[in-house]
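Reviewing the structure listed below.
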Amino acid sequence: MRLSGLFCCSTLLLSLSAHAQVQPADDAQLGNRFLQPADVFNIEYASDVQISPDGDTVAYARRSNDIMTDKTRSNIWLVDADGDDHRPLLSGRADYTLPRWSPDGERIAYISSVEGSPQLYVKWMSSGDSALITNLTEAPSDLAWSPDGRLIAFVMNDKKDKKPFAKIPKKPEGADWAEPFNYIEEMRYRFDGEGYLDPAYAHIFVVPADGGSAKRLTNGDFNHQGPLSWTPDSKSIVFSANRNPEWELQTVEADIYSVSLEGALNRITSKPGAESEPAVSPSGNQIAYVGADNNGLAFRTARLFVMDSDGGEVRSLTPNLDRSVESPVWDAAGRGVYYLYDDRGERKVGYARLNGQNQTVAENLGGATLGRPYVSGDFSVSGNGVIAYTKGAPDRPADVALKARGNVRQLTTLNEDALGDTDLGAVHEIIYESSLDGVEIQGWYVTPPDFDPAKKYPLILEIHGGPHAAYGPNFSLEVQRYAAEGYVVFYDNHRGSSSYGEEFGLLLQHKYPSRDDFADHMSGVDAMIAKGFIAENELYVTGGSAGGVSTAYLVGLTDRFRAAVAAKPIINWTSKVLTGDIYVYQITHQFPGAPWEEFEHYWERSPLSLVGNVSTPTMLLTGEEDYRTPISESEQFYQALKLRGVDTALVRVPGSSHGIAGRPSRLIGKVEHILGWFERYSPQNASSAEE
């Protein structure tokens, strides 16, 4: 019998019976320790790797989970290029983020809230002294040093004064009146993770690197986006923005601009679609950028382009790469551009020469997320061409690695203390064809730490979100916890997933969810059963966000699963797109029209349309402050299943937005509730209940 722990950090409307797994001391001494729920507080990972201009030192954000504050903390650490002298630069209970080297490598700018609100600081590497540079009212982002080292540019929200709509009499002194009304006219008035928004617009600022007053360079009621790229003469900053009058109703639309230190604005591009992430060449004569057509579809390929600095002679550097790119960085000589791209569930660093030749220069990026096995990772490049990046592995979160002269060196081993004596599940690839049309689907399965192929194991199908996203062979706390409890966990990159090209990505256009992706998942389940070690009567399914939608839809099409957990799902598309925060994008790109124009299409995509078929015990799990897939969606399915007499539970996560795993205890709570629900409906418990 499988045993599972139930860590309750939210309200469960049905009582679950579960047991905490106890690892015998003798087994632990023999190396048979399996991953436990509280291990989330012991695991660390690297992110935002920044190599020094001379390539000798890497600064990075070392992220860990604090068991006392229940938050993820970021400190800044340094490690030499040979892997020696791994040391803290800025460490403590406060957060230290966004390390950015000065052009001469003598200073590092960073953001910290050590003295209260997030502010910009600079640390002198020779003396170790730090200076508070700003006194800002909002958090800065997208730091960028000027080439002469005199200024630091950043992006910050600047709130707009809001005049009251109605004239309300002044309350008497000492009176206790109700809170004032909130009058809203903005198109974007609330956002997941931020709540209801005061009118504010993202602007570009500069501040002297040795301290002083921040100066705003941009103007208008528009949002100006990073990353920021300076011209070599330190006189202008290049950035991306949509400054069209109708910008609130436009989705994939942005142009590249430059702004001088005097505030003179120059529009460089004006073509339809989104031009973003500009990077000025070392000579200042060219600008590399990422461009994507606004094709009105839910999936599009973002390509790497280069143009003259005045917007002339545009050409693609990745015309034959059927993958989206991001994060362009010029080499020091200006002969080519580095970039990130995802390929078949794995993140890589590519390099494009100006003649159009492309090559992969670093692989195995990942591990920069802990919860689920999403593709992730970042990189930076030194002046002498050394690449620093977050290196992931199936059994470890991200460490810092270098690629120099063709050789890879891993500089850190952040989790040997936490995971060195823990037996983890092994990650295996599986390739199969969909029963729908023979399309090839790639997936992975994770076996329990004590796996024996001669035995039969229960199977969990875990469906990724997006839906235009991708899982890969990456470390995942959630998946490893399921494996530690004796499950084989299977996840696939179904049609529509990213990292497989545009044709594959568009196979779900106007069809999510549908019987098409359902066939991809079920074909994978059958392929797993065919391996001979899956118990056919012990199938379970879960997924979050778009994966939650798919889970709820799936149980309306089949009764093969003993239990299901739909985390933060969409249940009724007609209500979701008119209550969620990204309604403009979803109506424009995921549907053929508005819900009042295409009601039947929205209804066909909605799990609620199939609720009359559902017999699978189904739990719904959603944050109470989720504005991406509001909890009212889960409540609709919960009440419908209750009315039909189907076993169901509603788990409300207090204070949580869409990212339930954003706090460590919530990650634990999510996983242990899922395990508890599956355990309740296991054959063993079903037999006990009958007895």
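The values are calculated or read from the model by the stated rules, or taken from the named source; none is laboratory data. For clarity, every value in this text was computed on a predicted model and none was experimentally measured. Positions of Cβ are generated from backbone atoms using ideal geometry, with glycine treated the same way; all protein chains shown enter the neighbour counts. Remember, those area values only see protein heavy atoms, side chains included, never the ligands or the DNA or RNA. Shrake-Rupley method; radii C 1.70, N 1.55, O 1.52, S 1.80 Å.
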Only unsatisfied item for W230, checking (1) closer than 22 Å to G116 by Cβ; (2) surrounded by 11 or more Cβ atoms within 10 Å (Cβ to Cβ), is (1)
Tell me which residues, restricted to region 425-439, are buried (at least 16 other Cβ atoms within 10 Å of the Cβ) and either of a type in the set (F, W, Y) or out of contact with any strand residue (DSSP E or B) (no Cβ under 8 Å at 6 or more places or on another chain) (or both).
-> Y432, L436
If you check Y196 against the conditions, is it closer than 30 Å to T622 by Cα, under 29 Å from the mean Cα position of the chain (by Cα), without any contact (Cβ under 8 Å) to a residue 60 or more places away in the chain and open to solvent by 100 Å² or more (accessible area, probe 1.4 Å)?
-> yes
Could you pull out every one of the strands (runs of 3 or more DSSP E) wholly within region 345-401 that has 1 or more residues that are among the polar types (S, T, N, Q) and buried (at least 24 other Cβ atoms within 10 Å of the Cβ)?
-> 387-393
Out of R93, R100, report the one residue that is in a strand (DSSP E or B), open to solvent by 50 Å² or more (accessible area, probe 1.4 Å), closer than 22 Å to A46 by Cβ and of a type in the set (D, E, K, R).
-> R100
If you scan region 611-647, which residues turn out to be under 30 Å from the mean Cα position of the chain (by Cα) and either surrounded by fewer than 16 Cβ atoms within 10 Å (Cβ to Cβ) or among the charged types (D, E, K, R) (or both)?
-> E624, E625, D626, R628, S632, E633, E635
Any idea how many residues of region 270-295 are in contact with a Gly (Cβ under 6 Å, 6 or more places away or on another chain) and either more than 19 Å from T318 (Cα to Cα) or of a type in the set (D, E) (or both)?
-> 4
Hey, among T542, T551, which residue is out of contact with any helix residue (DSSP H, G or I) (no Cβ under 8 Å at 6 or more places or on another chain) and crowded, with 24+ Cβ neighbours inside 10 Å?
-> T551
Any residue in region 402-425 that's more than 14 Å from G83 (Cβ to Cβ): show its pairings with residues that are among the acidic types (D, E) at Cβ separation under 6 Å, as long as the two are six or more apart or on different chains.
-> L424/D395
For T558, all conditions in the list (1) closer than 30 Å to G296 by Cα; (2) of a type in the set (V, I, T); (3) open to solvent by 20 Å² or more (accessible area, probe 1.4 Å) hold save one; what is the number of the exception?
-> (1)
What is the one condition in (1) more than 30 Å from A333 (Cβ to Cβ); (2) open to solvent by less than 80 Å² (accessible area, probe 1.4 Å) that L217 does not satisfy?
-> (1)
What do you reckon, is N135 more than 30 Å from L98 (Cβ to Cβ), open to solvent by 90 Å² or more (accessible area, probe 1.4 Å) and polar (S, T, N, Q)?
-> no
Kindly check whether there is at least one residue in region 158-165 that is more than 33 Å from the chain's Cα centre (by Cα) and closer than 24 Å to V280 by Cβ.
-> no
Of the residues in region 300-321, those that are of a type outside the set (A, V, I, L, M, F, W, C) and within 31 Å of the chain's Cα centre (by Cα) come to R300, T301, R303, R315, S316, T318, P319, N320
Residue check for T412: buried (at least 16 other Cβ atoms within 10 Å of the Cβ), in contact with a strand residue (DSSP E or B) (Cβ under 8 Å, 6 or more places away or on another chain) and assigned to a loop (DSSP other than H, G, I, E, B) = yes
Among the residues listed as Y389, Y338, Y351, the single one being touching a residue at least 40 places away in the same chain (Cβ under 8 Å) and either out of contact with any strand residue (DSSP E or B) (no Cβ under 6 Å at 6 or more places or on another chain) or under 20 Å from Q286 (Cβ atoms) (or both) = Y338
Within region 177-193, restricting attention to residues that are loosely packed, with under 14 Cβ neighbours inside 10 Å and touching a Lys or Arg at 6+ places or on another chain (Cβ under 9 Å), which residue is farthest from S234 (Cα to Cα)?
-> W177
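For every residue, the table says whether it meets (1) closer than 18 Å to G226 by Cα; (2) open to solvent by 50 Å² or more (accessible area, probe 1.4 Å); (3) in a loop (DSSP other than H, G, I, E, B).
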residue: G291; (1), (2), (3): yes, no, no
residue: N294; (1), (2), (3): no, yes, yes
residue: T301; (1), (2), (3): no, no, yes
residue: L304; (1), (2), (3): yes, no, no
residue: P319; (1), (2), (3): no, yes, yes
residue: D322; (1), (2), (3): no, yes, yes
residue: G334; (1), (2), (3): no, no, yes
Please verify whether region 519-531 includes one or more residues that are among the β-branched types (V, I, T) and open to solvent by 20 Å² or more (accessible area, probe 1.4 Å).
-> yes
Please go through region 471-507 and pick out each residue that is open to solvent by 10 Å² or more (accessible area, probe 1.4 Å) and among the aliphatic types (A, V, I, L, M).
-> L506, L507
Across region 648-691, which residue is least open to solvent (accessible area, probe 1.4 Å) among those that are part of a helix (DSSP H, G or I) and among the hydroxyl-bearing types (S, T, Y)?
-> S665
For region 556-571, which residues satisfy the criterion of being of a type in the set (A, V, I, L, M) and assigned to a loop (DSSP other than H, G, I, E, B)?
-> L557, I570, I571
Apart from one, (1) open to solvent by less than 60 Å² (accessible area, probe 1.4 Å); (2) charged (D, E, K, R); (3) not in a strand (DSSP E or B) all hold for R73; the odd one out is (3)
Hits in region 370-382 - residues which are modelled with pLDDT under 95 and either farther than 28 Å from D423 by Cβ or among the small types (G, A, S) (or both) | G371
Among the residues of region 103-123, which ones are hydrophobic (A, V, I, L, M, F, W, C) and open to solvent by less than 30 Å² (accessible area, probe 1.4 Å)?
-> I108, A109, I111, L120, V122
